[in-house]
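The values are calculated or read from the model by the stated rules, or taken from the named source; none is laboratory data. Being a predicted model, the structure only gives us computed values, none of them experimental. Here Cβ is always computed from backbone atoms with ideal geometry, including for glycine, and neighbour counts include all displayed protein chains.
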Amino acid sequence: MLFFGSCLFVGIRQIIRNRLFLTIDDRGLCLDPRLRPSERVEWKHIEGFSEITICGQKIIVIHVNNPEYWIKRETSTVRRKMMRFNINYCGSPFNIAAGATQLNHSQLWGILIDSHRKFKAETRKVYAEQGRQSGAPATETN
């Protein structure tokens, strides 16, 4: 009995550990692609990231430009309440603990920051191109 109980624990642990929790691509973040593969937080809605520590666990907060939009969009009452809690205590409906991924905190932070910077650089490039096409002088922003 003890053997089967420990096997069940190891099996559940492996299922939880190996499930896909986050995808990052050129369009944005998909926070739970297993449940909602088509829903993502696009880069244009992400203002930036910050870090908080709760009980020694570093958590990355994903700051979005319209937090209430995401709460209204959520269909699950439980998730909506969790998002409201996150807004009240973290300032955003979304956060990620690196422990939920196969990356350590520094790796996850670096990937998120680099991906967001690339999106912002591409956006500036597109706006500059549009400005040149319209005859307006191109301005460089940081």
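For every residue, the table says whether it meets (1) aliphatic (A, V, I, L, M); (2) modelled with pLDDT under 90.
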{"position": "87", "(1), (2)": "yes, no"}
{"position": "108", "(1), (2)": "yes, yes"}
{"position": "114", "(1), (2)": "no, no"}
{"position": "120", "(1), (2)": "no, yes"}
{"position": "123", "(1), (2)": "no, yes"}
{"position": "132", "(1), (2)": "no, yes"}
{"position": "136", "(1), (2)": "yes, yes"}
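Select from the range 35-60 the residues that are more than 11 Å from residue 95 (Cα to Cα) and among the aliphatic types (A, V, I, L, M) and write down the one among them that is modelled with the highest pLDDT. Restricting to residues being more than 11 Å from residue 95 (Cα to Cα) and among the aliphatic types (A, V, I, L, M), the top hit is 46. Would you confirm whether any residue within the range 70-84 is outside any helix (DSSP H, G or I), under 20 Å from residue 42 (Cβ atoms) and in contact (Cβ under 8 Å) with a residue 24 or more places away in the chain? Scanning the range 70-84 turns up no residue that is outside any helix (DSSP H, G or I), under 20 Å from residue 42 (Cβ atoms) and in contact (Cβ under 8 Å) with a residue 24 or more places away in the chain. A count restricted to the range 7-34 and to residues that are surrounded by 11 or more Cβ atoms within 10 Å (Cβ to Cβ) and either modelled with pLDDT of 70 or more or out of contact with any Phe, Trp or Tyr (no Cβ under 9 Å at 6 or more places or on another chain) (or both) stands at 13. Restricting attention to the range 67-102, the residues that are under 19 Å from residue 56 (Cβ atoms), surrounded by fewer than 17 Cβ atoms within 10 Å (Cβ to Cβ) and under 15 Å from the mean Cα position of the chain (by Cα) total 4. Under 6 Å by Cβ, and 6 or more places apart or on different chains, what pairs join a residue from the range 95-112 that is touching a residue at least 12 places away in the same chain (Cβ under 8 Å) with one that is loosely packed, with under 15 Cβ neighbours inside 10 Å? Sorted first by the residue in the range 95-112, then by its partner, the pairs are 97/57; 98/104. With respect to the conditions (1) under 18 Å from residue 119 (Cβ atoms); (2) in contact (Cβ under 8 Å) with a residue 24 or more places away in the chain, residue 30 lacks only one, and its number is (2).
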